[in-house]
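Notes to accompany the following structure.
Derivation of every value follows stated rules applied to the coordinates shown; laboratory data play no part. No experiment lies behind these values; they were computed from the predicted model shown. Glycine also receives a Cβ, built like all others from the backbone with ideal geometry; neighbour counts cover every protein chain displayed.
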């Protein structure tokens, strides 16, 4: 994103580590497999990125909170990126499901706490 080249040994290290993620690594866009996959895709390592996307699709991400960093909003955005890149229906369907679930969670929260969940900055928490 900064325009500086990334040394190949750093990219190779990330690819290697991505193949060795612990089971509790999470799927988050900011702190998990989708963030790593997105970065790998930007670095030109689509094969490694798509492998992580397959792992995310197999996880139970549907139970996450609504947040961007480690929740459904981030899962939806990350999967939408890969649906656009690949034309694959699986990440697109999952991205739409993540959006629907996040909207439901936000609506439930707004119903429990009238006056919350509206206005600037609403729904920014995880």
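Against the definition (free of Cβ contacts under 8 Å to residues at least 24 places away in the same chain and closer than 18 Å to residue 88 by Cβ), how does residue 24 come out, yes or no? No: the conditions fail for residue 24. Residue by residue through the range 28-58, note down the ones that are in a loop (DSSP other than H, G, I, E, B) and buried (at least 18 other Cβ atoms within 10 Å of the Cβ). Scanning the range 28-58 gives 28, 29, 32, 45. When the range 72-85 is limited to residues that are buried (at least 24 other Cβ atoms within 10 Å of the Cβ) and more than 9 Å from residue 95 (Cβ to Cβ), the one that is nearest to the chain's Cα centre (by Cα) turns out to be 74.
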